[in-house]
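Below: one structure, written as structure tokens.
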Amino acid sequence: MAPTYPFSETDGLTLDPTYERLRRDEPVSRVKYPYGGEGWLVTTYEETKFVLGDSRFSRARTVGQDVPRMQPLIAPGGSILTHDGADHSRMRRLVSKAFTVRRIEELRPRAQQITDELLDRLDNPGDLVEGFSMPFPITVICELLGVPFEDREDFRMWSNQVLSTVGGHTPEEAMHGMMKLHAYFTELVAKRRVNPTDDLMGALVIARDNDDRLSEEELVRFGITLLVAGHETTANMIANSVVTLFEHPDEMKRLHEDPRKLPNAVEELLRYIPLGSGAGFTRIATEDVQVGNALVKEGDAVLVVASSANRDATAYPNADELDLGREVGQHLQFGHGIHFCLGSQLARMELQVALGTLVRRMPGLRLAEPVEFRKSSLVRGPVKLVVAW
């Protein structure tokens, strides 16, 4: 009988030791998921890269299907996350110019300004989550998309419902959050048609109405995906990075002594920190494929665990150690293949600005209260992070 997954309740930023055993003994194993039954779980670096980069593993085949998965929600159609091949490329091209290295670097001064303004207002001691790590990426993505910042409490609540896993929000609550986000962006699109803007949502409306390169459903779901992914992951990664540096004072000291190490330090933090609470999005095999030790049959569900792959000792010697001087290479925090995270350059820049400013402005930064982590969510992160300096 396949073991039940996840193997244990998420405990802060600690990885379940079962992953280490599986990487060694059974890199591709059968497990029973919280929703949709049994599927394959991939835990090693090379096998994870293989699955993410091979077109025989389809995201589109999950649309509307009760497939093995971590979340109660069944994958809806019309999202860049659930397109394969030419459809995925078509949608990705529409927004890729907004996320080039050059465009993101043009945003860096504004990101720095937002950071400084938020930290100027932060109480000492103060909650770094509510005062900084959450509003910072929300402000950036809202300005990029053209979403009103004053609506942030609503879409944060809806995002939390959508990202819920077993033990969190009910399937009905998760669907409620998705429907609210859908209605919100449907209304936003209608406003853009009446009053065109030069933000990213305005450009997507033009692509829909003038160029016929998006369906209406794709347009709305594009906005939802960019908003939710554009703030939840980065906000939690900033807070998780601060917690991790508190736990590794020698590495924090290295960063203080040589801020030039910051870009590489961000990559090592991205590799080391398990941002996801478990396996990622489901893929369905479109034919029989040998993956490591297992023959995956056509129609089988496959899920990979990037946080486990990033701790694979065959890819990273002493992988369970944080080493900000490590030559990281290609970690899998942003994925691999055609679904490689569209906003990876934006996330990197925001992490560099956020952590670099904290190190520079608050050299005495320290934890003021025990950290409580959120539970039953796809994304790990502190509920509160009270710090002093």
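The values are calculated or read from the model by the stated rules, or taken from the named source; none is laboratory data. Note that this is a predicted model, so its numbers are computed, not measured. Note that each Cβ is placed from the backbone with ideal geometry, even for glycine, and that neighbours are counted across all protein chains shown. All accessible areas refer to the heavy atoms of the entire protein, side chains included, with ligands and DNA or RNA removed. Shrake-Rupley method; radii C 1.70, N 1.55, O 1.52, S 1.80 Å.
Of all the accessible heavy-atom surface of the range 211-346, with the other protein chains kept in place and a 1.4 Å probe, what percent is carbon and sulfur?
Working: 2520 of 5010 Å².
Carbon with sulfur: 50 percent of the solvent-accessible area.
Averaging Cα coordinates gives a centre for the range 61-77 and one for the range 2-19; these two points are 22 Å apart. Probing with 1.4 Å while keeping every protein chain in the model, the per residue accessible area of the chain equals 43 Å². Go ahead and run the numbers for FRET between Met362 and Asp288, Cβ-Cβ distance against an R0 of 51 Å, rounding to 0.05. With R0 = 51 Å, the Cβ-Cβ based efficiency is 0.40. The ellipsoid that matches the Cα gyration tensor of the range 12-88 has semi-axes, each √(5λ) in whole angstrom, of 25, 16, 11, with the longest given first.
Take 59-68, 228-237, 194-203, 45-54 and order them by the average number of nearby Cβ atoms within 10 Å per residue, most first; the result is 228-237, 45-54, 59-68, 194-203. So what is the diffusion coefficient of the range 285-351 in µm² per second by Stokes-Einstein at 37 °C and 0.692 mPa s, using a Kirkwood Rh over Cα pairs? Rounded, D is 227 µm²/s. As an equivalent ellipsoid, the range 236-389 spans semi-axes of 32, 17, 14 angstrom, where each value is the square root of five times an eigenvalue of the C-alpha gyration tensor, largest first. A convex hull fitted around the alpha carbon atoms of the range 63-126 yields 165 Å³ per residue.
Once backbone amide H atoms are built at 1.01 Å from N, Tyr35 has Arg69 as its partners under 5 Å, excluding neighbours fewer than 5 places away on the same chain. What is the distance in Å between the Cα centroid of the range 108-151 and that of the range 206-228? The range 108-151 and the range 206-228 have Cα centres separated by 26 Å. Over all projection directions, the Cα-based convex hull of the range 127-228 averages an area of 7.0 nm². Among the lysines, select those whose C-alpha is under 26 Å from the C-alpha of Lys49, and discard any that sit fewer than 8 residues away in the same chain. Here the lysines satisfying the reach criterion relative to Lys49 are Lys32, Lys97, Lys297.
Distance between the 7 Å Cα→Cβ label points at Val101 and Asp320: 3.6 nm. If Rh is defined by the Kirkwood formula over all Cα pairs and Rg also comes from Cα, what ratio Rg/Rh do you get for the chain? Ratio value, two decimals: 0.95. The helix-only estimate of mean residue ellipticity at 222 nm for the chain, built from DSSP H runs of length n ≥ 4 each weighted as -39500 (n - 2.57), is -15000 deg cm²/dmol after division by the residue total.
Below 21 Å, Cα to Cα, which lysines can Lys384 reach? Residues fewer than 8 away in the same chain don't count. Cα-Cα hits under 21 Å: Lys375.
Where nothing but the Cβ of Lys and Arg (+1) and of Asp and Glu (-1) is charged, how large is the charge dipole of the chain around its Cα centre, in debye to the nearest 20? Provide the component values of the computation, followed by the final result.
Numbers: 45 positive and 57 negative charges, 114 e Å.
About 540 debye.
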